[in-house]
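Enquirer: Here it is, the structure, as structure tokens.
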Amino acid sequence: QVQLVESGGGSVQAGGSLRLSCAASGYTDSWKTMAWFRQAPGKEREGVATIYTRAGSTIYADSVKGRFTIAQDNAKNTVYLVMNSLKPEDTAMYYCAADPFLVRRWYERSEYQYWGQGTQVTISS
């Protein structure tokens with residue numbers, strides 16, 4: 001019943017912007033933590049940002065702080081990642097993740113039970 005569907009990826013030049021969307025379904029009221037991860041070729045999947053859905057509080061990786069914003073639209077059951085001032089090093093496959101618990105180790109891939117299929121983001125210099 002649970003499902004995460006990502007969209008919004010694409011190619012953009014350095015300095016540009018993109019908005020990624022993650023549409024969630026299936027007992028979403030119990031998903032207390034949602035997050036965005038990314039994985040570049042040859043590298044491990046890393047946490048980008050997380051949102052605690054009940055409180056609306058957010059945490060960001062140092063590499064994206066001040067440039068990316070994670071937000072939620074409860075009416076649409078959707079979580080967004082707004083990416084500004086994009087850099088070539090942001091190039092990666094971006095994944096949406098969700099978990100029914102309050103995840104303190106938000107940056108750990110193993111903490112999340114549900115994952116989307118991923119959407120590709122490519123930034124050219």
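The values are calculated or read from the model by the stated rules, or taken from the named source; none is laboratory data. None of the values given here were measured: they were computed from a predicted structure. A quick note on method: Cβ atoms are made from the backbone with ideal geometry, for glycine too, and the neighbour counts reach across all protein chains shown. Ligands, DNA and RNA are stripped out before the accessible areas are found, and what is left, the full protein with its side chains, is counted by its heavy atoms. Shrake-Rupley method; radii C 1.70, N 1.55, O 1.52, S 1.80 Å.
Enquirer: Condition first: outside any helix (DSSP H, G or I) and in contact (Cβ under 8 Å) with a residue 12 or more places away in the chain. Now tell me which residues in region 67-80 satisfy that.
Expert: Once the filter is applied, which keeps residues that are outside any helix (DSSP H, G or I) and in contact (Cβ under 8 Å) with a residue 12 or more places away in the chain, region 67-80 yields ARG67, PHE68, THR69, ILE70, ALA71, GLN72, ASN77, THR78, VAL79, TYR80.
Enquirer: Check off (1) free of Cβ contacts under 8 Å to residues at least 40 places away in the same chain; (2) part of a loop (DSSP other than H, G, I, E, B); (3) crowded, with 21+ Cβ neighbours inside 10 Å for ALA49 and give me the number that stays unchecked.
Expert: (2)
Enquirer: Name the single residue that is farthest from LEU86 (Cα to Cα) among those in region 1-42 being among the hydrophobic types (A, V, I, L, M, F, W, C) and open to solvent by 40 Å² or more (accessible area, probe 1.4 Å).
Expert: Here the answer is VAL2.
Enquirer: What residue, of LYS76, LYS32, is of a type in the set (Lys, Arg), touching a strand residue (DSSP E or B) at 6+ places or on another chain (Cβ under 7 Å) and modelled with pLDDT under 95?
Expert: Just a single option satisfies the conditions, and that option is LYS32.
Enquirer: Collect the residues in region 99-123 that are aliphatic (A, V, I, L, M) and either modelled with pLDDT of 95 or more or in contact with a helix residue (DSSP H, G or I) (Cβ under 8 Å, 6 or more places away or on another chain) (or both), keeping them in residue-number order.
Expert: Answer for region 99-123, where residues must be aliphatic (A, V, I, L, M) and either modelled with pLDDT of 95 or more or in contact with a helix residue (DSSP H, G or I) (Cβ under 8 Å, 6 or more places away or on another chain) (or both): VAL103, VAL121, ILE123.
Enquirer: Report, by residue number, each residue of region 81-125 that is of a type in the set (Ser, Thr, Tyr), touching a residue at least 12 places away in the same chain (Cβ under 8 Å) and not in a loop (DSSP other than H, G, I, E, B).
Expert: Within region 81-125, TYR94, TYR95, TYR114, THR119, THR122, SER124 meet the criteria.
Matching residues to (1) on the phi > 0 side of the Ramachandran plot; (2) surrounded by 13 or more Cβ atoms within 10 Å (Cβ to Cβ); (3) among the small types (Gly, Ala, Ser):
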{"residue": "GLU44", "(1), (2), (3)": "no, no, no"}
{"residue": "ILE59", "(1), (2), (3)": "no, yes, no"}
{"residue": "PHE68", "(1), (2), (3)": "no, yes, no"}
{"residue": "ASN74", "(1), (2), (3)": "no, no, no"}
{"residue": "SER85", "(1), (2), (3)": "yes, yes, yes"}
{"residue": "ASP90", "(1), (2), (3)": "no, yes, no"}
{"residue": "PRO100", "(1), (2), (3)": "no, yes, no"}
{"residue": "SER110", "(1), (2), (3)": "no, no, yes"}
{"residue": "SER124", "(1), (2), (3)": "no, no, yes"}
